[in-house]
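What follows is a set of notes on a single structure, which appears directly below.
The values are calculated or read from the model by the stated rules, or taken from the named source; none is laboratory data. Since the structure is predicted, the reported quantities are computational estimates derived from the model, not experimental observations. Here the Cβ is made from the backbone with ideal geometry for all residues, glycine too, and neighbour counts use every protein chain on show. Just so you know, the surface numbers come from the protein's heavy atoms only, side chains and all, with ligands and any DNA or RNA stripped out. Shrake-Rupley method; radii C 1.70, N 1.55, O 1.52, S 1.80 Å.
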Amino acid sequence: MLETLPFSYPDDDDVRYLEWFGKDFASVFVALNSFLRLPGFPPYRNGDWVPAEVVEAAKKRGPDCGVSWAEIAGLCGFPSARHVNRALRLTGSKRIDPEYANREDTEKLLRICAENGIYPPDEGRPSPLFELSLGQFLTALGQEEVILADHFGVLPVSRATAEFLDRDRIVGFGELYAKDRSLYVANYIDYDHYLVCQTGESLARARPDAYFEGFYAGETTDDCWGIGILDGD
């Protein structure tokens, strides 16, 4: 049995990513889990998981059924992807303090998705399109095999990178790290983004912004990015 993962997701919402990971990594990229456009399936209902048949169909179809957060922001009339993040926080587990929530934006997001046959990402799970992009990213990094685990590093197992690229397979994971410890990818169970943490050597081989929608964490970026909206990060 594999040992506990050597890294972990920050233990509180206001822990700054670069401070938490700074000892081991040179950068943290906030990778956004893509939305899915698949007309013909039942519309998304807040609180439900994306149906397995939708996830499987999206993995088979690939990137052409993906919808970026930037596109969603445009459809909803939101100024930025940060507003999309805030709206998503009242879906699923609804992990957001009431004083920071915006119910009107969440209702608009859900209405726009229903009208356009779009499914929001499942919090705590990688989008099937995220899995495909991750497979390409790991291949570019030269990582043929990685360690996967559920959230909080539970049940780590060794898996081949090729599994992420298999259109007939849904891998699923909460955390992942490279055996040479040059890369760590993690999600918190209530959020719709993954943190892609890399050493300088890993970053020189392949940069996450070439494979995922998102942004590099700044000095103040933490789990509340987009929640305070006017606070920048």
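Counting only DSSP H runs of at least 4 residues, each contributing -39500 (n - 2.57), and dividing by the residue count of the chain, the helix-based mean residue ellipticity at 222 nm comes to -8000 deg cm²/dmol.
Summed over the residues of the chain and divided among them, the accessible surface reaches 46 Å² per residue at a probe radius of 1.4 Å.
Classified by the C-alpha gyration tensor, the stretch 130-201 has a rounded form. Its axis ratio a/c, with a ≥ b ≥ c, is below 1.5.
For the full complex of protein chains and a 1.4 angstrom probe, list TRP69, TRP20 by accessible area with the highest value first. Let's see the in-between values first.
On the way: TRP69 0, TRP20 85 Å².
So the residues, ranked largest to smallest area, are TRP20, TRP69.
The alpha carbons of the chain give a radius of gyration and a Dmax of 16.9, 49 Å, in that order. Evaluated with a Cβ-only charge set (Lys, Arg +1; Asp, Glu -1), the stretch 130-233 carries a dipole of roughly 440 debye about its Cα centre, given to the nearest 20.
Counting only protein chain heavy atoms and rolling a 1.4 Å probe, the accessible areas of LYS179, LYS59, LYS23, LYS108 rank, largest first, as LYS23, LYS179, LYS108, LYS59.
Note on LYS23: lysines with a C-alpha under 18 Å away, same-chain residues under 8 apart excluded, are LYS179.
Between VAL157, LEU90, TYR44, the Cα set farthest toward the positive side of the dipole of the chain (charges on each charged residue's Cβ, about the Cα centre) is that of TYR44. Near GLU213, once Lys and Arg are set to +1 and Asp and Glu to -1 for all other residues with Cβ below 12 Å from its Cβ, the sum equals -3. All other residues with a Cβ under 12 Å from the Cβ of PRO51 taken together, and with Lys, Arg as +1 and Asp, Glu as -1, what is their net charge? It works out to a net charge of -3. For the chain, the Cβ-based charge dipole about the Cα centre amounts to some 680 debye (Lys, Arg positive; Asp, Glu negative; other atoms uncharged). Accessible area ranking (1.4 Å probe, heavy atoms, ligands and nucleic acids excluded), largest first, for ASP168, ASP150: ASP168, ASP150. Of all lysines in the structure, the ones whose alpha carbon falls short of 23 Å from that of LYS108, not counting any fewer than 8 places away in one chain, are LYS94.
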